[in-house]
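FYI, it's all coordinate maths here, none of it is from the lab. Keep in mind that what you see is a predicted model, and the values were worked out from it rather than measured. All Cβ positions, glycine included, derive from the backbone under ideal geometry; neighbour counts span all protein chains shown.
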Amino acid sequence: MSWLQKRSRPVFMTRSRPYKKDDNAHVEQKNWTHIRQWFGYERHDNPEVVDPINELVKGPYGQMLNYFHASLKLERTERKEGKVRRIYGAAQTPLARVLASAEVSKATKQRLRLEKGSLNPFALKLEVDRGLKAIAAMRQEGQ
């Protein structure tokens, strides 16, 4: 605990709901991969920074994650001789999971395919990097 708080970018613990000790782990799993790795652990209480972060997440960063970044999804767990083994499905993008779903209409699937066809992952990455640099500069000015 003390090591986490003495880091150059300290990590502080918070509490979850009463009697739900595993709550926070499920939330923080995606916070780490989707938010903390890109935006850091700093508190974003500067109002000037909130809009650029939201624009980045709803725009190029969100598109990059949803259309081009594959992730694993837990299919099942097996218990054997006291050990738990997790079985994951093939790595897929969120888009691939939506396209494979029978609950999504054909028109929506077609629209998503067209949208992906118009995107360039390298251009998105450059746009995300520029946005992150601008946000970092705004944060530095606000301190």
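Structure data summary
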{"read-out": "Cross-link pairs beyond the 25 Å C-alpha cut-off, checked among 6/58; 73/109; 6/125; 58/125; 73/133; 58/109", "value": "6/58; 6/125; 73/133"}
{"read-out": "Those GluC sites (Glu not before Pro) in the range 64-115 that DSSP places in a loop and that have at most 12 other beta carbons within 10 Å", "value": "81, 103"}
{"read-out": "Sorted largest first, extent of the range 54-143 alpha carbons per principal axis (Å)", "value": "56, 40, 20"}
{"read-out": "Loop-located trypsin sites (Lys or Arg not before Pro) in the range 42-141 whose Cβ has at most 15 other Cβ within 10 Å (DSSP)", "value": "43, 73"}
